[in-house]
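S.K.: Below is one structure. I have some questions about it.
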Amino acid sequence: MTEPLIELKGVSKSFGGNIILDEVDLTIYRGESLGIIGPSGTGKSTILRIIAGLTPIDGGEIYVQGQRRSGLIEDAEDPISIGMVFQQAALFDSLTVAENVGFLLYQHSKLPRRRIRELVEQKLEMVGLPGIGDRYPAQLSGGMRKRVSFARAIMSNPDNAKDNPEVLLYDEPTAGLDPIASTVIEDLVRQLQCAAGGCGTYVMVTHQDSTIRRTTDRVVFLYKGKIQWQGNVHEIDTTDNSLVRQFFSASTSGPIQVIG
C-alpha cells in the first residue's frame, strides 16, 4: 500500500460550537480495507461525507489521487469516482429497484435504456438479487435494501471509465440487521472488493464487532475529534490502548465517557 488515493491533512469540522473533527490526518491507500471505529457521535459518518465531497471542511486540506480538492464534489470533479453506501440505504421509494440501481446512468449517460437494464441486472446478480428489478423498496427486507444500495454504489458506465467508482464508503451497512443478515452483508463487502466490476478500495464505518473483524484490514479509532489509535485489525486484541480495550469489552468503566 504505497499509493495514497485520498489524504486528509489537518482536517477540522465543527457544527455550531461542537468540534467534531480536530485537525485529523488520514490516508486511504489503493486496495486497502480501512475501518473507522469509535463511540457514537464522534464524527465517523462526518468523515465519510467529507471524503465523498458532500460536507465542507472548516480547515485543512483534502487530496484525491494527489490533486487538492477545492470545495464540494458539485464544485469540481475529483480525478476518481467515489461511491457511498448510506446507513439507511437511501433508496427512492417511488422508483423500482432497477430504476434505483440505474439512476445515475438514466440521468447522466447517453446509454440506451435496454443497455442500462442489462447493466442493472448484472449488478443485481453480483449482490445476489437477480430478477427483482421490478420490485419497490417497500417490498424488500432490510438486508435486501442494503444489497440494492450496494448495487447502485458500484454501478459503472462502460462508455466513461471515469464514472466507475474506485473507492466505496460504507456507513454502518450492518446496522439494524440480525446476525445472519449481517454475515451476508459482510461477505458481500469482501466479494465486491475482489470481483471484476466491483471496487477494490473501501472505507467501513461500523460499531459492530463482527463487521470490524470480517471486513477491515486496518483500523483507526476516532474519539473526541482525533484519531487516538490505528493498527491492523488483528492488533485489536493485543493493544494496550485503553480506549480500544474499553470499546471492545463494552465496559462502562474507562476513559470513554458514558452518556446516561
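The values are calculated or read from the model by the stated rules, or taken from the named source; none is laboratory data. Just so we're clear, the structure is a prediction, and the values are computed from it rather than from any experiment. We place every Cβ from the backbone using ideal geometry, glycine too, and count neighbours over all the protein chains shown.
S.K.: Kindly indicate whether Gly102 is over 23 Å from the mean Cα position of the chain (by Cα), under 29 Å from Ala181 (Cα atoms), surrounded by 15 or more Cβ atoms within 10 Å (Cβ to Cβ) and modelled with pLDDT under 95.
M.R.: Values: over 23 Å from the mean Cα position of the chain (by Cα): no; under 29 Å from Ala181 (Cα atoms): yes; surrounded by 15 or more Cβ atoms within 10 Å (Cβ to Cβ): yes; modelled with pLDDT under 95: yes.
For Gly102, the condition - over 23 Å from the mean Cα position of the chain (by Cα), under 29 Å from Ala181 (Cα atoms), surrounded by 15 or more Cβ atoms within 10 Å (Cβ to Cβ) and modelled with pLDDT under 95 - is not met.
S.K.: Closer than 26 Å to Val64 by Cα, among the hydrophobic types (A, V, I, L, M, F, W, C), in contact (Cβ under 8 Å) with a residue 12 or more places away in the chain and in contact with a strand residue (DSSP E or B) (Cβ under 7 Å, 6 or more places away or on another chain): which single residue out of Val205, Val101 fits that description? Even if it seems obvious, please write down each step before you answer.
M.R.: Numbers: Val101 fails: in contact with a strand residue (DSSP E or B) (Cβ under 7 Å, 6 or more places away or on another chain).
The unique qualifying residue is Val205.
Quick grid of which residues meet (1) at pLDDT below 95; (2) of a type in the set (S, T, N, Q); (3) under 19 Å from the mean Cα position of the chain (by Cα):
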| site | (1), (2), (3) |
| --- | --- |
| Gly197 | yes, no, yes |
| His207 | yes, no, yes |
| Arg218 | no, no, yes |
| Lys224 | yes, no, no |
| Ile227 | no, no, yes |
| Ser242 | no, yes, no |
| Gly254 | yes, no, no |
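S.K.: Looking at segment 63-76 only, could you name the residues that are farther than 14 Å from Tyr29 by Cα and at pLDDT 85 or above? It would help to see each step written out before you state the result.
M.R.: Applying the first criterion (farther than 14 Å from Tyr29 by Cα) to segment 63-76 yields 67-76.
The answer is Gln67, Arg68, Arg69, Ser70.
S.K.: Taking Ala151, is it more than 24 Å from Leu111 (Cα to Cα) and of a type in the set (A, V, I, L, M, F, W, C)? It would help to see each step written out before you state the result.
M.R.: Numbers: more than 24 Å from Leu111 (Cα to Cα): no; of a type in the set (A, V, I, L, M, F, W, C): yes.
In short, no.
S.K.: Mind checking which residues of segment 57-78 are in a loop (DSSP other than H, G, I, E, B) and polar (S, T, N, Q)?
M.R.: Going residue by residue through segment 57-78, those that are in a loop (DSSP other than H, G, I, E, B) are 57-58, 65-66, 69-78.
Scanning segment 57-78 gives Gln65, Ser70.
S.K.: Oh, and also: Considering only residues that are aliphatic (A, V, I, L, M) and more than 19 Å from the chain's Cα centre (by Cα), which ones fall in segment 125-175? Steps first, please.
M.R.: If we filter segment 125-175 for residues that are aliphatic (A, V, I, L, M), which is where we start, we get 126-127, 129, 132, 138, 140, 144, 148, 151, 153-155, 161, 167-169, 175.
Those that are aliphatic (A, V, I, L, M) and more than 19 Å from the chain's Cα centre (by Cα): Leu129, Ile132, Ala138, Leu140, Ala161.
S.K.: Among the polar types (S, T, N, Q), farther than 29 Å from Tyr63 by Cα and surrounded by 20 or more Cβ atoms within 10 Å (Cβ to Cβ): does that describe Ser141?
M.R.: Values: among the polar types (S, T, N, Q): yes; farther than 29 Å from Tyr63 by Cα: yes; surrounded by 20 or more Cβ atoms within 10 Å (Cβ to Cβ): no.
In short, no.
Residue-wise test of (1) under 30 Å from Arg245 (Cβ atoms); (2) within 18 Å of the chain's Cα centre (by Cα); (3) among the charged types (D, E, K, R).
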residue	(1), (2), (3)
Gly35	yes, yes, no
Gly41	yes, yes, no
Lys44	yes, yes, yes
Thr55	no, yes, no
Glu61	no, no, yes
Val64	no, yes, no
Ile73	no, yes, no
Met84	no, yes, no
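Residue by residue, here is whether (1) farther than 23 Å from Asp159 by Cα; (2) at pLDDT 95 or above; (3) in contact with a strand residue (DSSP E or B) (Cβ under 6 Å, 6 or more places away or on another chain); (4) polar (S, T, N, Q) holds:
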{"residue": "Met84", "(1), (2), (3), (4)": "no, no, yes, no"}
{"residue": "Gln87", "(1), (2), (3), (4)": "yes, no, yes, yes"}
{"residue": "Leu95", "(1), (2), (3), (4)": "yes, no, no, no"}
{"residue": "His108", "(1), (2), (3), (4)": "no, no, no, no"}
{"residue": "Arg113", "(1), (2), (3), (4)": "no, no, no, no"}
{"residue": "Arg117", "(1), (2), (3), (4)": "no, no, no, no"}
{"residue": "Val120", "(1), (2), (3), (4)": "no, no, no, no"}
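S.K.: I'm trying to understand the selection: among the residues of segment 1-53, which are surrounded by fewer than 16 Cβ atoms within 10 Å (Cβ to Cβ), within 27 Å of Arg190 (Cα to Cα) and either touching a His at 6+ places or on another chain (Cβ under 9 Å) or acidic (Asp, Glu) (or both)?
M.R.: Answer for segment 1-53, where residues must be surrounded by fewer than 16 Cβ atoms within 10 Å (Cβ to Cβ), within 27 Å of Arg190 (Cα to Cα) and either touching a His at 6+ places or on another chain (Cβ under 9 Å) or acidic (Asp, Glu) (or both): Glu3, Asp25, Ser40.
S.K.: Okay, moving on. What's the number of the condition Pro56 fails, among (1) in contact with a Leu (Cβ under 8 Å, 6 or more places away or on another chain); (2) within 25 Å of Ser149 (Cβ to Cβ); (3) surrounded by 14 or more Cβ atoms within 10 Å (Cβ to Cβ); (4) not aliphatic (A, V, I, L, M)?
M.R.: Looking at each condition in turn, Pro56 falls short on (3).
S.K.: Given Met144, Met126, Met155, Met204, which one is of a type in the set (A, V, I, L, M) and more than 23 Å from Leu5 (Cβ to Cβ)? Walk me through it before giving the result.
M.R.: Numbers: Met126 fails: more than 23 Å from Leu5 (Cβ to Cβ); Met155 fails: more than 23 Å from Leu5 (Cβ to Cβ); Met204 fails: more than 23 Å from Leu5 (Cβ to Cβ).
The conditions single out Met144.
S.K.: Picking from Asn164, Asn232, which residue would you name as being surrounded by 14 or more Cβ atoms within 10 Å (Cβ to Cβ), closer than 27 Å to Val11 by Cβ and out of contact with any helix residue (DSSP H, G or I) (no Cβ under 6 Å at 6 or more places or on another chain)? Steps first, answer last, please.
M.R.: Values: Asn232 fails: surrounded by 14 or more Cβ atoms within 10 Å (Cβ to Cβ).
Residue meeting the stated conditions: Asn164.
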